[in-house]
Amino acid sequence: MKLVSIGDCVADGYLDEGVFYPGGQAVNVAANAMLDGAEKASFLGILADDAPARHIEGALEELGVSLERCRRAYGTTPMPGVRIIDGDRVFFRGKRDTVAHLLRLGISQEDLDFISGFDICHTTNEAGIDSELGRIHKVVPVSYDFSVGHGQELLEAICPSIDIAFFSGEGLTDSECVSLARRAKELGPDIAIVTKGLRGSIALHGGKLYEQPIVPCQAIDAMGAGDSFAAAFLVSYADSHDVRASLRYAAERASHTCTVHGAFGHPHAICP
């Protein structure tokens, strides 16, 4: 399958180790799609012109991720600080004058022509292109990661223009996760998926509720596990159209991600 991922690019700065890893939801999904066996994956976003951006670009190219429609801007790459405490991430705010904070991505007709050549377009709540989803949806199926956003107004704005919805059920009970999937699916998506951390995940498709437990592992870093889950599900489902098998594969890949540092490795020293 061929996937294009639109959105954010960041350098996740591990403060205690003095290194950063390539990151950002959209970057992580594109990278993991290639690791999961996608025929082609492309990242479309804004790259800065500093050393972290060059390292991230090199890591993506090493994995075979296409960057041909990326924008390149004078400025700095966002670098949120991260500390790993008991295997989970604690974030610290980075500088607020980066290319991600100062610039917004627009979608041109040339971008739409490019995007139309893929099997699915994945994007996220961090991409800043919500107003463009209707145009994108006319040329390619769309998957969207809401993260923890699930207000009714947001669902009504986004869901009619997407085919697969991903949510984080952080802070929600099991019944609230099911209710969220149902609310989303009623508004348009063919599949609504809610990840629940250690409680596994659920998917609603065709009136049927699927449940998937986690795959146990010796977790050292949960960075990017949700993005790994989304990428694996999309790659598997595009080939199999089997929701249950795709959830299982997604759980396996998310578990593996928790056993390595960073969203998909490729550390680099943080420059002073």
Could you grab the pairs with beta carbons closer than 8 Å, sequence gap of 6+ or different chains, first residue in the stretch 207-221 and under 10 Å from CYS258 (Cα atoms), second one in a strand (DSSP E or B) and open to solvent by 60 Å² or more (accessible area, probe 1.4 Å)?
-> ASP221/ARG89
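Take the residues in the stretch 207-246 that are open to solvent by 50 Å² or more (accessible area, probe 1.4 Å) and touching a strand residue (DSSP E or B) at 6+ places or on another chain (Cβ under 9 Å), then tell me which one is nearest to ALA38 (Cα to Cα). Give the derivation first.
Pass one, the stretch 207-246, residues open to solvent by 50 Å² or more (accessible area, probe 1.4 Å): 207-209, 211, 213-214, 216-220, 239-242, 244.
Narrowing further to those that are touching a strand residue (DSSP E or B) at 6+ places or on another chain (Cβ under 9 Å): 209, 211, 213-214, 219-220, 244.
Numbers: LEU209: 27, GLU211: 25, PRO213: 25, ILE214: 23, ALA219: 25, ILE220: 26, ARG244: 19 Å.
Only one residue fits best here, namely ARG244.
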Answer yes if at least one residue in the stretch 233-252 is among the aliphatic types (A, V, I, L, M), modelled with pLDDT under 95, under 26 Å from VAL4 (Cα atoms) and in contact with a Gly (Cβ under 7 Å, 6 or more places away or on another chain), and no otherwise.
-> no
For the stretch 14-53 the number of residues that are in contact with a helix residue (DSSP H, G or I) (Cβ under 9 Å, 6 or more places away or on another chain) and either at pLDDT below 95 or assigned to a strand (DSSP E or B) (or both) is 12
Within the stretch 69-101, considering residues that are under 22 Å from ASP130 (Cα atoms), at pLDDT 95 or above and out of contact with any Pro (no Cβ under 8 Å at 6 or more places or on another chain), the one most open to solvent (accessible area, probe 1.4 Å) = ARG72
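Pull up the stretch 1-27, narrow it to residues that are buried (at least 18 other Cβ atoms within 10 Å of the Cβ) and among the acidic types (Asp, Glu), then point me to the one that is farthest from ILE115 (Cα to Cα).
Within the stretch 1-27, the subset buried (at least 18 other Cβ atoms within 10 Å of the Cβ) is 1, 3-14, 20-27.
After this cut, where a residue has to be among the acidic types (Asp, Glu) as well, the list is 8, 12.
On the way: ASP8: 17, ASP12: 27 Å.
The residue in question is ASP12.
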For the stretch 114-188, list the strands (runs of 3 or more DSSP E) that sit wholly inside it and hold at least 2 residues that are in contact (Cβ under 8 Å) with a residue 24 or more places away in the chain, at positive phi and in contact with a strand residue (DSSP E or B) (Cβ under 6 Å, 6 or more places away or on another chain); which are they?
-> none
Which of (1) under 17 Å from the mean Cα position of the chain (by Cα); (2) not in a loop (DSSP other than H, G, I, E, B) is the odd one out, the single condition ASP221 does not satisfy?
-> (2)
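The values are calculated or read from the model by the stated rules, or taken from the named source; none is laboratory data. Note that the coordinates shown come from a computational prediction; the quantities given were computed from them, not determined experimentally. We place every Cβ from the backbone using ideal geometry, glycine too, and count neighbours over all the protein chains shown. These area figures cover heavy atoms from the full protein model, side chains too; ligands, DNA and RNA do not enter into them. Shrake-Rupley method; radii C 1.70, N 1.55, O 1.52, S 1.80 Å.
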